[in-house]
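Structure first, commentary second.
Nothing in this text is a laboratory measurement; each read-out follows from the coordinates by a stated rule. Worth saying up front: this structure is predicted, and the values here are computed from it rather than measured. Every residue, glycine among them, receives a Cβ derived from its backbone with ideal geometry; neighbour counts consider all protein chains shown.
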Amino acid sequence: MRVHYIQHVTFENLANIEKWINAKQYTLTSTKLYEDAIFPDMDSFDFLIIMGGPMNIYEDDKYPWLKQEKDFINNAIKSKKLVLGICLGAQLIADILGASIYKNKHPEIGWFPITLSENINSNNIFKNMPTELDVFHWHGDTFDLPENSTLLASSEACVNQGFIYKDHVIGLQFHLEASKASVERLIQNCSDDIYQADYIQDTEEMLKYNHFNELEDYLFKLLNNCNEFFFKKK
């Protein structure tokens, strides 16, 4: 399989997703938007991954590449590629599909549980996983569910934690890919986001709450399920 990913800032890379890709010996290419952005032809990849970032999807004036990125993601969706968006990536997908993006009532930063939706059994994306997962979060915005999509998960602070659209487009608000190193980079680069609030942990709590091995296991299961389910239907 040929995987292409979009990276918005230097400190939010694929993290543990790259371990999965390397283990599978898949081809990996990238578009790094903090460098000269070059988007590939649609026929050059099978799986598109859109990573997170501190910018918002509505900051087109500040980030002029956003329009080009949205057009590219939209074309990938229309071309029926397997598409996975994480955090900002999920918000971009939701926006492209016509849903609203806005400030969540509570920013959510740190380790908080999500509960899987009862509606997801038919698509097998979370097959062989518990119904409640401790996952890592770092977001202030949220999204409405796109039309014709299915809710995947919710948390106490954020109702719409993920969705699947037409069996090949997945948006995850949380960071299933997080490693200890990727969390440390977020803390170093986004420390202004951390203050005392109901759903914001301090940095010490984030780093000592060691669920990284479980998170990697969940990530690999999800990616294997996506891979199996998507390509079985093609």
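Brief remarks follow.
- Which of Thr150, Thr10, Thr115, Thr142 has the fewest Cβ neighbours within 10 Å, and the rest in rising order: Thr10, Thr115, Thr150, Thr142
- Of Lys32, Lys78, Lys70, the one that fluctuates the most in a GNM where the chain has Cα springs shorter than 10 Å: Lys78
- Charge dipole of the chain (Cα centre as origin; +1 on each Lys and Arg Cβ, -1 on each Asp and Glu Cβ, all else neutral): 980 debye, rounded to the nearest 20.
- Only Cα pairs under 8 Å and 6+ residues apart enter the sum, and on that basis the relative contact order of region 2-233 stands at 21 percent.
- Taking amide H as placed 1.01 Å from N in the peptide plane, the amide H of Asp141 sits under 5 Å from that of Asn104, each at least 5 places away or on another chain.
- Likely footprinting exposure, Phe230, Phe174, fewest C-beta neighbours within 10 Å first: Phe230, Phe174
- The ranking of Arg185, Arg2 from fewest to most other beta carbons within 10 Å of each one's beta carbon is Arg2, Arg185.
- Overall, region 111-220 carries a charge dipole of about 340 debye about its Cα centre when +1 sits on the Cβ of Lys and Arg and -1 on the Cβ of Asp and Glu, all other atoms neutral.
- Calculated FRET value between Thr203 and Glu35, using beta carbons and R₀ = 30 Å, to 0.05: 0.55
- Per-residue [θ]222 nm for the chain (sum of -39500 (n - 2.57) over DSSP H runs n ≥ 4, rounded to 500): -9000 deg cm²/dmol
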